[in-house]
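Chemist: Just passing along the structure, written as structure tokens.
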Amino acid sequence: MTPLPAEGRVRAVVEGVSPVVDGGRFPVKRVIGDRLVVEADAFADGHDVVVVELLHAAPDGRESDRIPMEPLGNDRWRAELPLDTLGRHAFAVTARVDPFATWRRDLAKWRDAGQDLTQELIVGANLVEAAAARTAGADARALSAAAARLRGTGSQAARARAGLDERLARRMHRNADRSREARSPDYPVFVDPVHARFSTWYELFPRSASPKPGRHGTLRDVIRRLDYVAGLGFDVLYLPPIHPIGHTHRKGPNNRTTASPGDPGVPWAIGAAEGGHTAVHPELGTLADVDALVTAAARTGVRVALDIAFQVSPDHPWAREHPEWFRRLPDGTIRYAENPPKKYEDIYPFDFDTPAWQELWTELLGVFRFWMSHGVRIFRVDNPHTKAFPFWEWAIAELKRADPDVLFLSEAFTRPKVMYRLAKLGFSQSYTYYTWRTGKQELIDYFEEITRPPVSDIFRPNVWPNTPDILHESLQHGGRPAFALRVVLAATLAASYGIYGPAYELAERVPREPGSEEYLDSEKYQIRHWDLEREDSLAPLIGRLNAIRRSHPALQTNERLVFHETSGDHLLAYSKRTADGSDVVLTIVNLDPHHAHAGSVVLDLPALGLESGSTYEVHDLLDGATYRWWGATNYVELAPQVRPAHVFEVRR
């Protein structure tokens with residue numbers, strides 16, 4: 001015989017709750033100040049009134065008041081939860097049959113139909129008396145008095161008015177019997193700082209920051225570069241690894257397998273006699289210089305992000321002290337890093353299958369904590385997809401448990417499901433495939449994928465048109481106009497974007513060899529000197545774009561991104577707007593860096609908050625020009641050498 005349920009009188013059902021990631025296995029991501037919109041299906045057998053409520057537990061475990069959910073129709077319910085505290089929250093949806101609300105609804109119908117109410121008023125009095133017995137104090141006294149009125153000798157009309165009193169309804173709701181309510185599982189939500197969603201990154205190599213050609217740059221030189229970075233409107237300064245660089249198998253310029261005396265090596269070949277992941281390369285400076293940089297950056301409104309690369313040079317102290325952390329070949333030597341046909345003879349990867357995995361995990365966690373103790377709250381993590389998933393889930397949860405403001409950018413150019421898994425495990429942002437999406441339809445398809453649920457509930461894109469590893473062929477062959485249009489796209493399509501500079505603003509575009517995405521004379525292998533005052537620099541355009549992003553809230557989120565129809569394959573049009581419609585930005589880009597293109601743009605007017613046939617102004621935030629448009633279809637012409645794009649503020 002099938003056993004009876006523990007409680008067979010739970011008549012309501014809760015299902016179809018959203019937003020939920022993998023049944024609640026992972027948290028939904030939001031930022032502080034957001035309102036979490038929760039929906040659910042809730043219903044019961046029969047025709048009784050069903051009350052549906054949203055429950056919330058803050059990171060400190062404190063439970064908020066129950067939030068009533070409003071019906072949307074077809075047994076779908078909705079409520080909004082304000083998120084005003086950093087950290088891990090939880091929510092649940094409850095539903096119950098409400099005998100008093102059902103009685104109250106039916107009493108009004110019977111009264112209006114002129115029916116005798118004698119028995120119904122007694123039923124109501126019994127319900128109110130039961131509620132009075134469940135509580136104490138003022139509510140108990142008020143409910144007892146209300147029950148007496150329902151049983152009293154007054155007219156049925158007067159007693160019915162007492163039963164339908166709103167104050168009585170509120171007291172009955174407050175003291176309802178919830179012992180038989182249905183409840184969903186508790187679903188997690190992690191609330192990050194606002195800059196987890198909206199950030200503007202600038203990457204530079206400190207060793208190339210010297211104002212004097214031929215001199216190794218220092219962290220103090222980076223401090224002097226801060227006004228330039230902040231002046232361009234960037235709020236995150238990302239530094240590749242700043243640690244001592246190994247000498248064994250050091251790479252020379254352009255990835256030569258042998259280095260000459262004086263070649264600086266690759267910053268990602270971490271560790272030498274001077275120390276490892278918690279040391280500073282002596283030619284860059286000291287820990288005191290790191291502290292000074294973090295402090296100076298904060299004064300300019302810039303946050304410092306450090307690269308965390310969990311791999312070592314053969315000269316790293318860990319390679320000598322902890323050989324059990326590395327994979328060995330049959331001849332006893334440690335296997336260096338490989339990505340066939342690429343070889344990285346100057347790097348040893350960790351073996352996350354080692355029997356000593358617990359000691360390895362603990363040591364790696366300590367690297368983050370060390371730099372957090374020096375004021376760093378943002379980390380760009382190198383190749384996290386080549387490390388164990390369980391490690392990231394544990395490490396990020398452990399770090400954010402005490403420091404919910406710390407952020408992690410995943411540099412995982414890998415398969416989509418792997419990228420999304422890393423996001424679920426706790427990475428705050430991720431690099432994307434934007435670098436390789438250059439055509440109109442592939443841009444539309446990709447951004448519609450990553451800016452809409454369910455992906456957008458866990459994955460925050462950070463788009464980069466270039467990196468030290470990636471010089472895309474569109475930049476190699478498109479010249480300065482290609483750099484201009486790609487940065488416009490990045491800055492307006494995504495709430496977070498970054499550039500590797502000064503290579504980007506100076507349109508560095510010569511590959512190491514034809515067909516390669518590697519730069520010729522890459523900073524990964526040698527020190528470069530950059531002329532930041534060049535007349536052809538894109539710095540003015542980039543600074544203007546970042547100023548637009550700061551002043552237009554519509555561009556500070558990935559929500560409500562809408563693509564609009566254009567004629568031809570070279571014009572791409574899209575808009576963003578705030579939830580209240582107070583800020584609307586429409587961007588139109590010529591995707592061809594070589595030729596001018598003209599055509600019609602057919603706008604989705606409701607997406608812009610406009611009515612059909614309305615007249616409105618579009619004000620170009622790049623050059624100040626204003627145009628008066630009418631209706632959905634209008635004409636644009638963009639010449640890449642003159643104006644690669646319009647970034648319009650739409651004015652009703």
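The values are calculated or read from the model by the stated rules, or taken from the named source; none is laboratory data. Since the model is a prediction, treat every value here as computed from it, not as a measurement. Every residue, glycine among them, receives a Cβ derived from its backbone with ideal geometry; neighbour counts consider all protein chains shown. When the accessible area is computed, the model is the full protein with side chains, heavy atoms only, and any ligands, DNA or RNA have been set aside. Shrake-Rupley method; radii C 1.70, N 1.55, O 1.52, S 1.80 Å.
Chemist: Report the full-extension gain for the segment ARG180 to TRP436: residue separation times 0.36 nm, less the Cα-Cα distance, to one decimal in nm.
Modeler: 86.7 nm
Chemist: Starting from the Cα gyration tensor of the range 302-454, take the square roots of the eigenvalues, sort them a ≥ b ≥ c, and report rounded, prolate or oblate (rounded when a/c is under 1.5, otherwise prolate if a/b is larger than b/c, else oblate).
Modeler: Judged from the Cα gyration tensor, the range 302-454 comes out oblate (a/c at least 1.5, b/c at or above a/b).
Chemist: For GLU129 and ASP469, compute 0.36 nm times the residue count separating them, minus their Cα-Cα distance, and round to one decimal in nm.
Modeler: Extra length from GLU129 to ASP469 when fully extended: 115.0 nm.
Chemist: With every protein chain kept in place and ligands, DNA and RNA left out, what is the accessible area per residue of the range 486-534? Probe 1.4 Å, answer in Å².
Modeler: I get 31 Å² per residue for this part.
Chemist: Only one of the values (i) 0.94; (ii) 1.01; (iii) 1.08 was calculated from this structure for Rg/Rh (Cα atoms, Kirkwood Rh); name its label.
Modeler: Evaluating Rg/Rh (Cα atoms, Kirkwood Rh) on these atoms matches (iii).
Chemist: State in Å² the accessible area per residue of the range 218-269; use a 1.4 Å probe, count heavy atoms of protein chains only, and round to the nearest integer. Please list the in-between numbers first.
Modeler: Values: 1880 Å² over 52 residues.
Value returned for the range 218-269: 36 Å² of accessible area per residue.
Chemist: Please state the shape class of the range 66-139: rounded when a/c is under 1.5, otherwise prolate if a/b exceeds b/c and oblate if not, all from the C-alpha gyration tensor.
Modeler: oblate
Chemist: Oh, and also: Calculate the spin-label point distance for LYS109 paired with SER582, positioning each point 7 Å from the Cα along the beta-carbon direction, and give it in nanometres.
Modeler: Going by the 7 Å Cα→Cβ label model, 4.4 nm.
Chemist: Let me ask something additional. For a Förster distance of 30 Å, can you work out the FRET efficiency between the beta-carbons of VAL194 and ALA58, rounded to the nearest 0.05?
Modeler: 0.95
Chemist: Apply the Karplus curve 6.51 cos²θ - 1.76 cosθ + 1.60, θ = phi - 60°, to the phi angles in the range 376-385 and return the couplings in whole Hz, x for Gly and Pro.
Modeler: Running phi through 6.51 cos²θ - 1.76 cosθ + 1.60 with θ = phi - 60° gives 7, 10, 10, 10, 9, 9, 7, 6, x, 6 Hz.
Chemist: For the chain, with all protein chains present and a 1.4 Å probe, just round the carbon and sulfur fraction of the accessible area to a whole percent.
Modeler: Summing carbon and sulfur atoms, their accessible area is 51 percent of the total for the chain.
Chemist: Work out the charge dipole of the chain with +1 on the Cβ of Lys and Arg and -1 on the Cβ of Asp and Glu about the Cα centre, then indicate which of TRP357, TYR431, VAL585 is farthest towards its positive end.
Modeler: Value computed over the given set: VAL585.
Chemist: Using a simple charge model, +1 on the beta-carbon of Lys and Arg, -1 on the beta-carbon of Asp and Glu, nothing else, what dipole does the chain show about its Cα centre, in debye to the nearest 20?
Modeler: Details: 78 positive and 87 negative charges, 309 e Å.
Once rounded to the nearest 20, the dipole reads 1480 debye.
Chemist: Can you tell me what share of the DSSP beta bridges in the chain is antiparallel? A percent to the nearest 5 is fine. Don't skip to the end; give the middle numbers.
Modeler: Working: 78 of 108 bridges.
Percent antiparallel among DSSP bridges in the chain is about 70.
Chemist: Right, next: Report, in deg cm²/dmol and to the nearest 500, the calculated mean residue ellipticity at 222 nm for the chain, where each DSSP H run with n ≥ 4 adds -39500 (n - 2.57) and the sum is divided by the residue count.
Modeler: After summing the helix terms and dividing by residue count, I get -8500 deg cm²/dmol.
Chemist: Hey, can you find the accessible area per residue of the range 52-193 for me, probe 1.4 Å, expressed in square angstrom? Please list the in-between numbers first.
Modeler: On the way: 7230 Å² over 142 residues.
Heavy-atom accessible area per residue stands at 51 Å².
Chemist: Helix 473-493 versus the longest principal axis of the chain: what angle, 0 to 90°, nearest 10, using Cα atoms?
Modeler: 30
Chemist: Once phi is turned into θ = phi - 60°, what whole-Hz ³J(HN,Hα) does the Karplus curve with 6.51, -1.76 and 1.60 give for every residue of the range 291-305, x standing for Gly and Pro?
Modeler: Once θ is set to phi - 60°, the couplings for the range 291-305 become 4, 5, 5, 4, 5, 5, 4, 4, 5, 9, x, 10, 9, 8, 10 Hz.
Chemist: Then there's this: How high is the FRET efficiency between ASP291 and VAL642 when r is their beta carbon distance and R₀ equals 60 Å, given to the nearest 0.05?
Modeler: Efficiency for this residue pair is about 0.80.
Chemist: Per residue of the range 88-102, what does 6.51 cos²θ - 1.76 cosθ + 1.60 with θ = phi - 60° give for ³J(HN,Hα)? Whole Hz please, x for Gly and Pro, Karplus curve as stated.
Modeler: Working through the residues one at a time gives 8, 9, 9, 9, 8, 10, 10, 9, 8, 6, 10, x, 5, 4, 5 Hz.
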